[in-house]
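Let me begin by presenting the structure, written as structure tokens, before commenting on it.
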Amino acid sequence: MHEIDVELWKIGPKMIKDDEDRLQVQKILLEHYVYLKKVFIYLSSKSLYPNLTQLDYSHFVQKCSILDKNVNLAAVDRSFIATNVRKTSNDPNAMRVETQGNALCRFEFME
């Protein structure tokens, strides 16, 4: 299943410019994929299953003590919004993922 998530990720040159850094980030995410997937399933089961709402995501970030002087709630909200933007494609064979309103699906949570 992680192959589909990787295919749909928007972790590309716009997000991480250096190819080596981007591959390192993907490697780290894949090393922890099983754990991250379990966290997502737990969070989304208490949210808008099979998706995770912005409010629940923000609560998770606060509970994990991710917020500090460099990462504030506004930055987390901007990151959520940027992740939630859908790629559009003219390719009829392109994979499309729909979520309900302002919510993240699994591969977006991984981003």
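What to note about this one:
- For the stretch 23-71, the fraction of alpha-carbon pairs in successive 10 Å shells from zero, as %: 24, 40, 34, 2
- Inter-label distance, nm, simple model (7 Å from Cα along the C-beta direction), GLN26/VAL39: 2.1
- For LEU48, the residues 5 or more places off, or on other chains, whose built amide H falls under 5 Å of its own are THR53.
- Net charge of Cβ neighbours under 11 Å - reference GLN24; Lys, Arg +1; Asp, Glu -1: -3
- The alpha-carbon of LYS69 sits under 20 angstrom from the alpha-carbons of these aspartates and glutamates, leaving out residues fewer than 8 places away in its chain: ASP77.
- When each of the peptides 56-67, 16-27 is scored by the mean number of other C-beta atoms lying within 10 Å of its residues, the order from highest to lowest reads 56-67, 16-27.
- Integer Hz, Karplus 6.51/-1.76/1.60 couplings in order for the stretch 64-69, x for Gly and Pro: 7, 6, 6, 5, 7, 5
- Ranked by how many other beta carbons lie within 10 Å on average, peptides 34-40, 104-110, 69-75 from highest: 104-110, 34-40, 69-75
Bear in mind these aren't lab numbers, they're just calculated from the coordinates by the rules spelled out. Keep in mind that this is a model prediction, so the values were computed, not measured. Virtual Cβ from ideal backbone geometry, glycine too; neighbours counted across all protein chains shown.
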